[in-house]
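Peer 1: To start, I am sharing the structure in question, which I have written as structure tokens.
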Amino acid sequence: MSEKILTVDRLTMRFGGIVAVNELSFAAERRQITALIGPNGAGKTTVFNCITGFYKPTSGAIRLVHDDGAVFALERLGDFRISKQAKVARTFQNIRLFPGMTALENLMVAQHNALMRASGLTFLGLIGAPSWREAERRAIDLATVWLKRVGLLDRADEAAGNLPYGDQRRLEIARAMCTEPALLCLDEPAAGLNARESGALSDLLLAIRSDCGTSVLLIEHDMSVVMEISDHVVVMDYGVKIAEGTPQHVRDDPKVIAAYLGADEEEAIAVMESGS
Amino acid sequence: MSAPSSAPLPAPSHSQNTSGIATSGIAFILKKAVISAFVALVLFSLMIGVRTEAGPEGHLIYWTRFGELAAIVAIVFGGSIIIELLRQWIGPSGAGRLVPPWLQDAADLIGRWLAPALLVFAILIPVIFYDQRYILDLSILVLTYVMLGWGLNVVVGLAGLLDLGYVAFYAVGAYSYALLATNFGLSFWICLPLAGILAAFWGVLLGFPVLRLRGDYLAIVTLAFGEIIRLVLINWQDLTGGPNGITGIPRPTFFGIPLSNDDDGLAAKLGIEFSPTHRVVFLFYLILALALLTNWVTIRLRRLPIGRAWEALREDEVACRALGINITTTKLTAFATGAMFGGFAGAFFATRQGFISPESFTFHESALVLAIVVLGGMGSQLGVVLAAIAMIGGFELFRGLDQYRMLVFGFAMVLLMIWRPRGLVGHRAPTVFLEKNQAISSDLVKEGHG
């Protein structure tokens with residue numbers, strides 16, 4: 001069994017003349033939290049969209065290896081199959097719930113493929129076969145478990161669009177987890193959360209890693225979250241990787257500081273030295 | 001009163017009204033009425049004020065009708081004041097008016113019992129109105145549109161795909177039955193599923209090219225599809241008989257027993273006197289059963305993964321893809337399911353009329369069915385019934401008004417859409433719940449973008 005669940009190899013994404021991601025290579029370890037950080041416009045979300053099939057990369061390879069050794073070439077899989085077959089789930093920077101459906105319904109939609117099989121492509125379900133009823137009950141149970149984990153059990157029957165912002169963020173993560181993913185990709189899950197909420201988010205992500213054995217890939221600007229929960233950090237700037245390593249290692253890298261401050265490396269070293 | 005006036009004028013109270021309470025004073029109402037009247041004056045001065053006609057030698061003669069013009073402007077002026085007063089009396093739109101609790105309870109009670117009451121009434125219609133052929137025919141017509149509305153509701157209301165060419169599937173169903181029955185002598189009960197399958201097939205066929213299209217573009221292509229089907233029916237003379245249509249379509253049989261006035265007929269077998277009303281009553285129950293089947297299937301589908309995927313598709317297509325839902329098949333099944341019910345309704349239409357021609361399948365029909373779905377509240381089954389009764393029944397109700405019928409009808413629809421912008425039944429019922437089944441406000445539910 002490979003220890004690397006995700007291997008990105010020389011990934012390049014061009015939009016016309018703009019090179020959003022240039023020859024990016026990194027790997028995400030199994031059952032670990034890998035953070036992808038970088039200043040605005042560094043190309044993080046583009047990498048995410050390539051991994052989750054929303055973009056087709058210009059060149060490069062993205063390999064995903066399941067626990068059982070099955071290998072998926074994500075750059076060729078594309079669209080809904082990445083979630084269905086390769087079991088990669090994602091959340092969005094700007095929350096994309098189904099606002100007119102209840103929290104519970106959102107989690108039921110996430111189990112679509114499993115339920116579709118159980119309902120015999122609708123026909124068994126239409127006649128109300130016992131096997132279908134059983135599958136539906138199990139799906140509701142799974143959804144209930146996740147509602148409980150994200151603390152939304154008492155709001156299960158409320159419309160998702162009516163929930164407060166922080167609850168919507170957590171519900172989106174719960175919805176992604178209901179697809180029972182091997183790799184969970186989170187695009188800025190802490191954006192717009194207050195300190196207490198992002199603390200709860202960190203706990204949730206750590207619990208997902210330890211209890212479910214799901215590997216997590218994370219884009220985040222909130223450094224307190226990144227530093228607290230990441231096992232491995234990849235730093236991007238202008239579409240290329242400028243550093244990677246443990247949170248501690250990355251934090252002290254002058255290149256990273258320079259990228260965030262928008263300054264030269266020498267200046268950054270000067271700032272660091274004067275600061276310490 | 002911008003000028004620094006020191007004189008004690010009666011005007012200040014007036015100016016206070018316009019500036020202080022900008023939306024409630026008499027001056028505001030008058031100002032609004034004057035503006036409306038002015039717009040009406042400009043608008044109608046040529047439309048009503050001047051009447052032109054071709055003279056006996058082909059030259060233009062015209063005369064003025066300033067009396068009528070003044071009357072119209074006065075009506076607009078007065079009407080604007082009344083509407084504004086009503087609005088202030090009712091309160092600002094959108095703000096929740098205080099409804100007495102007993103009224104709320106009564107409304108809830110009516111809401112809960114309306115559907116069963118309507119169903120019981122529908123079943124009893126042939127008993128109550130046995131001697132009134134007109135009402136029976138009208139009920140059959142209303143039920144046909146209820147069924148079409150329920151079918152289109154799958155596509156437009158649940159999946160959020162705006163389909164302006166729904167009549168095409170109605171036509172496919174009708175011609176399928178007509179051609180199969182007249183050429184091969186197949187019975188209605190064999191042709192009915194075939195008509196549904198053929199219509200569903202055409203639904204998938206339409207679905208493929210429009211998968212990538214959204215919103216307005218989808219609407220235009222579906223509109224074109226409806227027209228193409230109609231034009232093919234007109235021009236393929238060998239098969240469809242062209243504009244002459246198909247005559248002599250067999251009437252439905254009571255599971256093989258004809259409803260006719262001979263020894264083999266149902267009346268003779270039951271030993272009762274033959275009456276042409278038997279057939280009408282039979283047709284009534286047939287369309288009622290078909291419509292209820294549509295309703296039952298749709299309600300079941302909503303609670304199955306495919307139905308939830310349709311609604312999720314309406315809410316957010318990108319999120320659906322991220323959850324591993326195959327957008328292509330989901331959209332195609334929505335088109336196919338809606339088309340199938342349209343095909344059933346078409347087969348029924350053909351057997352009821354005994355004669356079909358392309359004239360019955362114009363864009364007007366598509367627009368009418370879509371209006372029923374939108375007016376009823378997108379996705380609401382009960383709303384479709386109410387809207388079909390209002391649209392078809394209301395249209396008949398205003399028959400006495402002759403040429404003003406369309407005017408009154410259009411006015412009523414405008415008022416209704418102001419009063420209930422999201423349709424008669426504007427909330428969504430969840431498909432699954434843990435503890436309490438609470439309706440979701442229409443403000444949150446998306447209409448879909450194609």
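Peer 1: Output yes when any residue across the stretch B:315-338 is assigned to a helix (DSSP H, G or I), on the phi < 0 side of the Ramachandran plot and away from chain A (no Cβ under 14 Å), and no when none is.
Peer 2: Yes: the stretch B:315-338 contains one or more residues that are assigned to a helix (DSSP H, G or I), on the phi < 0 side of the Ramachandran plot and away from chain A (no Cβ under 14 Å).
Peer 1: Take A:Leu115 and tell me if it is in the same structural domain as A:Glu3 (by TED's automatic domain parsing) and either within 26 Å of A:Ser202 (Cβ to Cβ) or surrounded by 20 or more Cβ atoms within 10 Å (Cβ to Cβ) (or both).
Peer 2: Against the criterion (in the same structural domain as A:Glu3 (by TED's automatic domain parsing) and either within 26 Å of A:Ser202 (Cβ to Cβ) or surrounded by 20 or more Cβ atoms within 10 Å (Cβ to Cβ) (or both)), A:Leu115 does not qualify.
Peer 1: What are the residue pairs meeting all of these: first residue in the stretch B:226-253, first residue surrounded by 14 or more Cβ atoms within 10 Å (Cβ to Cβ), second residue β-branched (Val, Ile, Thr), Cβ atoms under 6 Å, and 6 or more apart or on different chains?
Peer 2: The qualifying pairs are B:Gly226/B:Val167; B:Leu233/B:Thr240; B:Gly242/B:Ile234; B:Gly245/B:Ile356; B:Ile246/B:Ile356; B:Pro252/B:Thr351.
Peer 1: Could you say which residue among A:Ala89, A:Ala110, A:Ala103, A:Ala35 is open to solvent by less than 40 Å² (accessible area, probe 1.4 Å), touching a Ser or Thr at 6+ places or on another chain (Cβ under 6 Å) and within 30 Å of B:His427 (Cα to Cα)?
Peer 2: Only one candidate qualifies: A:Ala110.
Peer 1: Within the stretch B:288-309, can you find the residues that are surrounded by 20 or more Cβ atoms within 10 Å (Cβ to Cβ), touching a residue at least 12 places away in the same chain (Cβ under 8 Å) and within 10 Å of chain A (Cβ to nearest Cβ)?
Peer 2: Matches in the stretch B:288-309: B:Leu301, B:Ile306, B:Gly307, B:Arg308, B:Ala309.
Peer 1: From the list B:Phe341, B:Phe348, B:Phe363, which residue is buried (at least 24 other Cβ atoms within 10 Å of the Cβ), over 25 Å from B:Leu259 (Cα atoms) and of a type in the set (Phe, Trp, Tyr)?
Peer 2: B:Phe341 is the lone residue from the list that is buried (at least 24 other Cβ atoms within 10 Å of the Cβ), over 25 Å from B:Leu259 (Cα atoms) and of a type in the set (Phe, Trp, Tyr).
Peer 1: Check whether at least one residue in the stretch A:219-228 is open to solvent by 10 Å² or more (accessible area, probe 1.4 Å) and either at pLDDT 90 or above or more than 22 Å from A:Ala42 (Cβ to Cβ) (or both), and report yes or no.
Peer 2: no
Per-residue answers, yes or no, for (1) touching a Cys at 6+ places or on another chain (Cβ under 6 Å); (2) more than 22 Å from B:Gly241 (Cα to Cα); (3) in a loop (DSSP other than H, G, I, E, B); (4) not assigned by TED's automatic domain parsing to the domain that holds B:Leu161:
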site: B:Tyr175; (1), (2), (3), (4): no, no, no, no
site: B:Cys191; (1), (2), (3), (4): no, no, no, no
site: B:Ala195; (1), (2), (3), (4): no, no, no, no
site: B:Val204; (1), (2), (3), (4): no, yes, no, no
site: B:Gly207; (1), (2), (3), (4): no, yes, no, no
site: B:Arg212; (1), (2), (3), (4): no, yes, yes, no
site: B:Asp216; (1), (2), (3), (4): no, yes, no, no
site: B:Ala219; (1), (2), (3), (4): no, yes, no, no
site: B:Thr222; (1), (2), (3), (4): no, yes, no, no
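Peer 1: Read through the list (1) part of a helix (DSSP H, G or I); (2) of a type outside the set (Phe, Trp, Tyr); (3) open to solvent by 30 Å² or more (accessible area, probe 1.4 Å), then give the number of the only condition that B:Met378 fails.
Peer 2: (1)
Peer 1: OK, next. May I ask you to list pairs of residues, at least six apart or on different chains, whose Cβ atoms are under 8 Å apart, with the first in the stretch B:427-450 being facing another protein chain (nearest Cβ under 8 Å) and the second being among the hydroxyl-bearing types (Ser, Thr, Tyr) and in a loop (DSSP other than H, G, I, E, B)?
Peer 2: Note: pairs meeting the criteria are B:Arg428/B:Ser380; B:Arg428/B:Ser442.
Peer 1: Kindly indicate whether A:Val71 is over 30 Å from A:Thr12 (Cβ atoms) and either more than 8 Å from chain B (Cβ to nearest Cβ) or in contact (Cβ under 8 Å) with a residue 60 or more places away in the chain (or both).
Peer 2: So A:Val71 fails the test.
Peer 1: Take the stretch B:414-447 and flag every residue that is surrounded by 15 or more Cβ atoms within 10 Å (Cβ to Cβ) and not in a loop (DSSP other than H, G, I, E, B).
Peer 2: B:Leu416, B:Arg428, B:Ile440
Peer 1: Another question, then. So which residues in the stretch B:236-258 are assigned to a loop (DSSP other than H, G, I, E, B) and at pLDDT 75 or above?
Peer 2: Listed by number, the residues that qualify are B:Trp236, B:Gly241, B:Gly245, B:Thr247, B:Gly248, B:Ile249, B:Pro250, B:Arg251, B:Pro252.
Peer 1: Here's another thing I want to ask about it. Kindly evaluate B:Ile372 against the criterion of being open to solvent by less than 30 Å² (accessible area, probe 1.4 Å) and closer than 30 Å to B:Ile228 by Cβ.
Peer 2: Taking the combined requirement at face value, the residue satisfies it.
Peer 1: If you scan the stretch B:152-169, which residues turn out to be open to solvent by less than 10 Å² (accessible area, probe 1.4 Å) and of a type outside the set (Val, Ile, Thr)?
Peer 2: Passing the criteria: B:Leu152, B:Asn153, B:Gly157, B:Leu158, B:Ala159, B:Gly160, B:Leu161, B:Asp163, B:Gly165, B:Tyr166, B:Ala168, B:Phe169.
Peer 1: Just the residues that are surrounded by 16 or more Cβ atoms within 10 Å (Cβ to Cβ) and small (Gly, Ala, Ser), please, taken from the stretch B:193-215.
Peer 2: Answer for the stretch B:193-215, where residues must be surrounded by 16 or more Cβ atoms within 10 Å (Cβ to Cβ) and small (Gly, Ala, Ser): B:Ala195, B:Gly196, B:Ala199, B:Ala200, B:Gly203, B:Gly207.
Results for (1) more than 9 Å from chain B (Cβ to nearest Cβ); (2) among the small types (Gly, Ala, Ser), shown as yes or no for each residue.
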residue: A:Met108; (1), (2): no, no
residue: A:His112; (1), (2): no, no
residue: A:Leu115; (1), (2): no, no
residue: A:Ser119; (1), (2): no, yes
residue: A:Trp132; (1), (2): no, no
residue: A:Arg138; (1), (2): yes, no
residue: A:Lys148; (1), (2): yes, no
residue: A:Asp154; (1), (2): no, no
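Peer 1: Still on this structure: Can you tell me which residue among A:Leu142, A:Leu124 is open to solvent by 10 Å² or more (accessible area, probe 1.4 Å), at pLDDT below 90 and not assigned by TED's automatic domain parsing to the domain that holds A:Ile51?
Peer 2: A:Leu124
Peer 1: With the requirement that a residue be in a loop (DSSP other than H, G, I, E, B), basic (Lys, Arg) and more than 14 Å from chain B (Cβ to nearest Cβ), what does the stretch A:15-66 give you?
Peer 2: A:Arg30, A:Arg31
Peer 1: Taking the stretch B:40-83 only, how many residues are part of a helix (DSSP H, G or I) and open to solvent by less than 80 Å² (accessible area, probe 1.4 Å)?
Peer 2: Total meeting the criteria: 17.
The values are calculated or read from the model by the stated rules, or taken from the named source; none is laboratory data. Here the structure is a predicted model, which means the values were calculated and not measured. Cβ sites come from the backbone with ideal geometry, for glycine too, and all protein chains shown count toward neighbours. These accessible areas exclude ligands, DNA and RNA; they are computed on the full protein's heavy atoms, side chains included. Shrake-Rupley method; radii C 1.70, N 1.55, O 1.52, S 1.80 Å.
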